[in-house]
Each structure stands twice: as C-alpha cells, then as structure tokens.
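Here the structure is laid out as structure tokens; the discussion comes afterwards.
The values are calculated or read from the model by the stated rules, or taken from the named source; none is laboratory data. Note that the structure is predicted; figures quoted are calculated from it, not measured. Please note: Cβ atoms are built from the backbone with ideal geometry, for glycine as well, and neighbour counts cover all protein chains shown. Quick note on the areas: whole protein, heavy atoms, side chains included, nothing else; ligands and nucleic acids left out. Shrake-Rupley method; radii C 1.70, N 1.55, O 1.52, S 1.80 Å.
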Amino acid sequence: MENSPLLSDPEKSNYQSVGKALREAEKEYIKTLDNKRMFLAAFAAVLGNFSFGYGLVYPSPVLPVLDDDANPALHITDAEKSWFGSVFALGCCVGGISSMFLNDRLGRKLSIMFSAFPAAVGFMLMGSAQHVSMLLLGRILTGLAGGLTSSSIPVYISEISHAGMRGTIGACPQLMAVLGALALYALGLILPWRWLAIAGEVPVLLMLFLLCFMPDSPRFLISKGKDEKALQALVWLRGPNTAYRGEFHRIKENVLKASSSLTWAELSDPYYYKPILIAVFMRCLQQFSGITIILTYLEPIFNRTKVILRGGYDAALVGLVRLVSVLVAALAMDKVGRKILLFISSSLMMVSSLSMGLYIHFTDMKNNSTSLTITINDPHTHDAHVNYLEIIPLVCIMLYILGYAFGWGPITCLLMSEILPLKARGMASGLCVVISWITGFVLTEAFLPVVNTFNLETPFFFFTIICVCGVIFTYFFVPESKGRTLEQIESYFRTGRRSFIK
C-alpha cells in the first residue's frame, strides 16, 4: 500500500499533524466512556459465535460413536463421514450469500437474530435423527446459521465499538467460538451424541432473547435515514454523560459520503478493491492453513497418531489451550497491534505443522495403515508400555491451535470488519464468508481422500507452505489498524496517506 501522489514536505507535515491531533482527541474522548452496555450488546451478539463454534466441531466426538452405531440407518459410511464433516462449510456458503443481502437490508442485529432459526432447527434435527440424512440436513442448517453470524457479528461488533476497545471486543467472536468448541469437547466426554445436539439449542435461544433488547448499529441506522434512532443507540452504547454528539457527527459525515449503493464501476477504485482483496485473501489463507480440517477431525487425527491419552481428552485439552490463547490475544491486540500478532501466529502454526508432518512421516505407525481410522481408543486396552514420543502430536496440535488463536483466528475477522468501507461492508463481508467457506468445504471434503491416498503428513506439509505465505502477505499488504477509528481507516484507503494509519 503505497502513498498516493507525492506531497511536499510541508503538506506531509500538515497531514501528519492532522492525523496526530485526531488520534489525541479520540483518546481523550475514549477516557470518558462507560463501556458496560457496549459489552452487554457485544456479549448478546457473540453468543451466535458460541453456537457456531459448537456446531463446527460437532463431528469430532460424534463420528467415532456413529461408526459403531448398531442402528443400520445411522451407521455412517466412509463417504458419509466426509460429507458429515464438510456440509457444514457448504451451509456456511449459503449463509454468507444470504448475509450479502440481509446485512444491508435487515441490518446487522436482525441478521444475527435471523440466524437463530436455522441453528435451532438444525440442532433439533440432529438430536432427533433417525437416519444419516437428518444428520446431514442438520449440519447444513447449523452451517447456514454459522455463515450468517460469521459475516454479521464482526460488522456489528466493529460498528458499536470505539477505537479504544475495538481490538479487545473484536476478539470476542473468536473467543466465543472457542468457548463453544471447548464446551462441545467437554460435554462430549459425558453426554450421548443426541444430547450434545439438544444442548446446542441453549446459546441459540439465549442469543435471540438478549438481542431483542439491544440497539442496532448506529452506522446502519444513519445509512437508512434513522438519525434519531441512531443517536439513541449511540447514547445507550456510550452513556448519556459523554461527548457522544461529536462521534455521532463524525459517523454521519462518513456515512453520507457512502450513502449510495456500490456500483461495478466503483470497484475499480483502489479505495474499494484494495481492502476487499485484503479481506478476501486473509479469509482464504485462514482456511488454507487447515484450521477447519483440524477442528472437525481433531479426535480422529489424535486416534490415528496414537497419542498417549484417549482422543476425546486430547481434544478437550486442545480446546482449553485455544481458549487461553484467544484471551491473551484479546488483551494484547489493542496494545501491541494486529500485525505483530499475525507474524507470531503464522510462525507458530508453520513450526507446528512442519513438526507434525515430519513426525508422521518418520514414525513407524503400529497399524502401518495410510487410512484415517475413525475409532475410539479404549483406554483400558492401551499399551502398558508408554512411548513418550507419542506426546509429540498433542504438543504439535496444541502449538498450532495456540498460534491460530493468537492471531489468524480473531484478527482475520476483526480486520475484515475494520478495513472494509462502509458502502461495501455488508456485501463484501458476505463475499468474504462465501469464499472462505467454499474453500473450507473443498478442503474438508478432500481431506479424507487425500489422507487415504497420500497419508496424513501430506496436508500438514501443505499447511506449512500456507503459513509461510501468511507471513509474506501480512508484511506487504496488511495495514495496522490499532487505535484507529473506522473513519481514519477509510481515509487511509481513500487517500493512501499513511498519516491516517500510523
């Protein structure tokens, strides 16, 4: 991202002074704000991400059980295993497409609320399933809800937050998705698979109830000409005894600049296509790094690599590490910045993927099989002679999850909502989700055939290459948005002048 036309030294100095003055004024304003209600609104919204994380990893403890199910209608074949893991991503694609229209028509809040209906029906179908087809349909519907929330929640969060807290609150969607996955892994140790699906209804219904009392995004309300409601929403979010009118006028001024619909001709403007391309490539790299595959098939991967503990316990332990990592990232994001965390994240994922691939390649597996056997290891029949090298896969996956949760997990979604211009935010966020989950579907569907053909190390070597690409992409193309208002970030892409972003 180079600067626009050359400026004289006085002009450069002037723009730098303006940018510095704006940042200082914003810091003083932030100190006066009451954040309690903003946190409440964010919590209500990100319950949708809890449900998303819960639904995403549902196959991990369920597939091994279905593999041995005595009911012929529920006994799952190898082909159906692959579809059971991948159709969630297909549903996310449909949800992402829907969000491209719903985000800018219903609004961010109502789009999130709308996602509760397919999620509730999907979990109900899986909980009462009498045939594998009901399980697959339930996965598609919960994926559809996940696609809606993946694009709507980050936008809602970024638009109700202020610059001082947007990094921390922006990490909450990823944090809640991690909590959802951890809850699934933990409950999977004690609950039958049907009750796991029924338990998934609880966060969905709670989200729907709480959002009834939350305001919509002030930016969205202004874009629809509802200035009075937008002002009321901002007062509710910031507190009545703050200088909220100044923020309101800044938001309104920026919204008016983007009041018309985005046209195809405008997409040739760097102001639009650069942030959209950055967001799209980040979502693709996020998926290509292998996170969806690893989370979906976590227990089978552990069972395949013969780790010391039973696969379900290892999965729960990894979920706990993931939770701690996201918490650290949330606290660090507004202090150290986005880019440095992305560098650390990519590096950890690269090292762990490479180590996992090398371990699988050079280790002589006891079964000498190239297939990913989806079974549960019986802890009572585990080999009495413990080979401590078998802890390496657990350490590698924990390091990978730690790296992902530290950067590429929370920051990808946050940056998408930060850098996309308001005029294109609804459409472009949906586009990012669609492309991301098409990629996720293809990778998840191809995973088992690739493993059965080339062995398990092949995808991990591929993930290593993608992580290297992530480092390069971050260095050259990702802007630092720490401590900047959404209006300052838009000014950077509109003018190319780094004084707005540095």
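Identify all residues within segment 99-120 that are surrounded by fewer than 23 Cβ atoms within 10 Å (Cβ to Cβ), closer than 16 Å to Asn49 by Cα and of a type in the set (Gly, Ala, Ser); write none if there are none. Scanning segment 99-120 gives a single hit, Ala120.
Candidates in segment 203-228 are the residues that are open to solvent by 30 Å² or more (accessible area, probe 1.4 Å) and acidic (Asp, Glu); of these, the one that is nearest to Ser158 (Cα to Cα) is Asp227. Scanning segment 252-274 finds one or more residues that are at pLDDT 85 or above, under 23 Å from Ile157 (Cβ atoms) and of a type outside the set (Asp, Glu).
Looking across segment 146-170 at every residue that is β-branched (Val, Ile, Thr) and open to solvent by less than 10 Å² (accessible area, probe 1.4 Å), the one that is farthest from Phe123 (Cα to Cα) is identified as Ile160. The residue that is surrounded by the most Cβ atoms within 10 Å (Cβ to Cβ), among those in segment 455-474 that are farther than 20 Å from Leu298 by Cβ and in contact (Cβ under 8 Å) with a residue 60 or more places away in the chain, is Gly470. Restricting attention to segment 89-98, report how many residues are open to solvent by less than 10 Å² (accessible area, probe 1.4 Å) and over 18 Å from Cys284 (Cβ atoms). Qualifying residue count, segment 89-98: 1. Taken over segment 23-69, the residue count meeting the criterion of being at pLDDT 80 or above, open to solvent by 10 Å² or more (accessible area, probe 1.4 Å) and not in a helix (DSSP H, G or I) is 1.
Cβ-Cβ distances below 7 Å connect the following pairs, each with a first residue in segment 60-87 that is over 16 Å from Leu125 (Cα atoms), a second residue that is open to solvent by 60 Å² or more (accessible area, probe 1.4 Å) and among the hydrophobic types (A, V, I, L, M, F, W, C), and a separation of six or more residues or different chains: Pro64/Ile376. Do you know which residues across segment 424-449 are in contact with an Asp or Glu (Cβ under 9 Å, 6 or more places away or on another chain) and of a type in the set (D, E, K, R)? Matches in segment 424-449: Arg425 only.
If only residues of segment 333-352 that are buried (at least 19 other Cβ atoms within 10 Å of the Cβ) and over 19 Å from Met282 (Cα atoms) are counted, the one that is modelled with the highest pLDDT is Ser352.
Within the option set Leu402, Leu448, Leu415, being farther than 24 Å from Cys172 by Cβ and of a type outside the set (S, T, N, Q) holds for one residue only, Leu448.
Among the conditions (1) assigned to a helix (DSSP H, G or I); (2) surrounded by fewer than 24 Cβ atoms within 10 Å (Cβ to Cβ); (3) out of contact with any Ser or Thr (no Cβ under 7 Å at 6 or more places or on another chain), the only one that Pro173 does not satisfy is (2). Only residues that are more than 16 Å from the chain's Cα centre (by Cα) and of a type in the set (A, V, I, L, M, F, W, C) were counted in segment 130-170, giving 10. Within segment 111-148, which residues are within 16 Å of Ile97 (Cα to Cα), among the small types (Gly, Ala, Ser) and assigned to a helix (DSSP H, G or I)? Those that are within 16 Å of Ile97 (Cα to Cα), among the small types (Gly, Ala, Ser) and assigned to a helix (DSSP H, G or I): Ser111, Gly143, Ala145, Gly146, Gly147. When Ser151 is tested against (1) in a helix (DSSP H, G or I); (2) within 20 Å of Glu487 (Cβ to Cβ); (3) of a type outside the set (D, E, K, R), only condition (2) is not met. Of all the criteria given as (1) open to solvent by 10 Å² or more (accessible area, probe 1.4 Å); (2) over 24 Å from Lys81 (Cα atoms), the one not satisfied by Gly188 is (2).
Exactly one residue out of Leu414, Leu431, Leu399 is surrounded by fewer than 22 Cβ atoms within 10 Å (Cβ to Cβ), part of a helix (DSSP H, G or I), modelled with pLDDT under 85 and in contact with a Ser or Thr (Cβ under 9 Å, 6 or more places away or on another chain), and it is Leu431.
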